[in-house]
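Here's the structure we're looking at; comments come further down.
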Amino acid sequence: MSTPTAAAPGPRHGAALAQLVGEALTHAQGDADTEDAAEIRAITDAMVRLLIGAPLHSDGKLTVVSLAAEAGLRRNKLTHKHTGLKDLFYALVKARTLVPDELPDSARARAAKQQQDLARVRAERDDLRGQAQLLARIVHVLEIENSKLKETNEALEQRLAAQSAIPDLTRRRRRP
């Protein structure tokens with residue numbers, strides 16, 4: 001097996017390593033327990049498919065649940081019986097996404113500016129929430145006042161209607 005280069009290993013390198021480990025484990029098992037050998041083979045084949053991004057039986061996420069589904073096994077086979085393969089899978093997944101050791105100054109400055117922008121936007125959001133709550137209370141008070149004014153108007157209209165039933169003699173025209 002060749003040594004990995006300094007660059008980040010791609011998905012194909014991880015898949016090849018998973019396949020190689022699976023073959024070695026299957027050979028080491030020999031004919032002792034064919035069920036275990038079949039499970040190991042299924043798990044390593046599933047690792048290969050997930051790592052290269054070609055899942056057949058799962059959602060393609062790089063998790064133990066997806067690995068178990070892809071292998072056609074229950075999850076506890078990986079978490080209790082084949083823990084070494086589970087650990088290998090997580091190591092291969094972690095190796096795919098290398099974290100940079102140190103960020104350049106421009107990235108730090110950009111991150112600091114984004115943090116300031118985020119704090120500003122959150123403050124604006126909180127202020128707008130307060131204003132929205134105040135407006136909601138104002139609208140509620142205005143609705144109550146409007147309702148009272150409508151009731152008063154109806155009462156006045158009823159009084160006016162009652163008074164208009166009585167003829168107003170002062171407003172009558174005199175005949176010449």
For this session: Would you mind telling me the share, in percent, of accessible area of region 51-127 contributed by carbon and sulfur at probe 1.4 angstrom?
Result: 54
Exercise. Which sequence of Leu142, Leu78 reflects their accessible areas, 1.4 Å probe, from the largest down?
Worked result: Leu142, Leu78
Problem set entry | Accessible surface, 1.4 Å probe, highest first, among residues Ser147, Ser106, Ser58 | Ser106, Ser147, Ser58
Exercise. Using heavy-atom solvent-accessible surface (probe 1.4 Å) with all chains present, what is the largest-first order of Thr152, Thr79, Thr34?
Worked result: Thr34, Thr152, Thr79
For this session: Show which lysines lie in cross-link reach of Lys86 when reach means a straight Cα distance below 20 angstrom and same-chain residues fewer than eight apart are skipped.
Result: Lys61, Lys77, Lys94
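State whether region 112-164 is rounded, prolate or oblate according to the following rule on the C-alpha gyration tensor (a ≥ b ≥ c being the square roots of its eigenvalues): a/c under 1.5 gives rounded; otherwise a/b larger than b/c gives prolate, and the remaining case gives oblate. Please list the in-between numbers first.
Details: a/c = 13.94, a/b = 8.73, b/c = 1.60.
Prolate, because a/c is 1.5 or more and a/b exceeds b/c.
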Problem set entry | Heavy atoms of Glu151: accessible area, 1.4 Å probe, square angstrom to 10 | 120
For this session: Please give the per residue accessible area of region 30-148, computed with a probe of 1.4 Å over protein heavy atoms only, in Å².
Result: 69
Seminar exercise, completed: With the 8 Å Cα cutoff and a minimum separation of six or more residues, region 50-137 has a relative contact order in percent of 15
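If you add up the charges near Leu134, with Lys and Arg at +1 and Asp and Glu at -1, over every other residue whose beta carbon is less than 14 angstrom from its beta carbon, what do you get?
Working: positive: Arg129, Arg137; negative: Asp126, Asp127.
Overall, the nearby charge balance is 0.
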Exercise. In terms of the Cα gyration tensor, with a ≥ b ≥ c the square roots of its eigenvalues, is region 50-164 rounded because a/c is under 1.5, prolate because a/b exceeds b/c, or oblate?
Worked result: oblate
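The values are calculated or read from the model by the stated rules, or taken from the named source; none is laboratory data. None of the values given here were measured: they were computed from a predicted structure. As a convention, Cβ positions derive from the backbone with ideal geometry for all residues, glycine included, and neighbour counts pool all protein chains shown. Areas reflect the complete protein model, heavy atoms only, side chains present, ligands, DNA and RNA absent. Shrake-Rupley method; radii C 1.70, N 1.55, O 1.52, S 1.80 Å.
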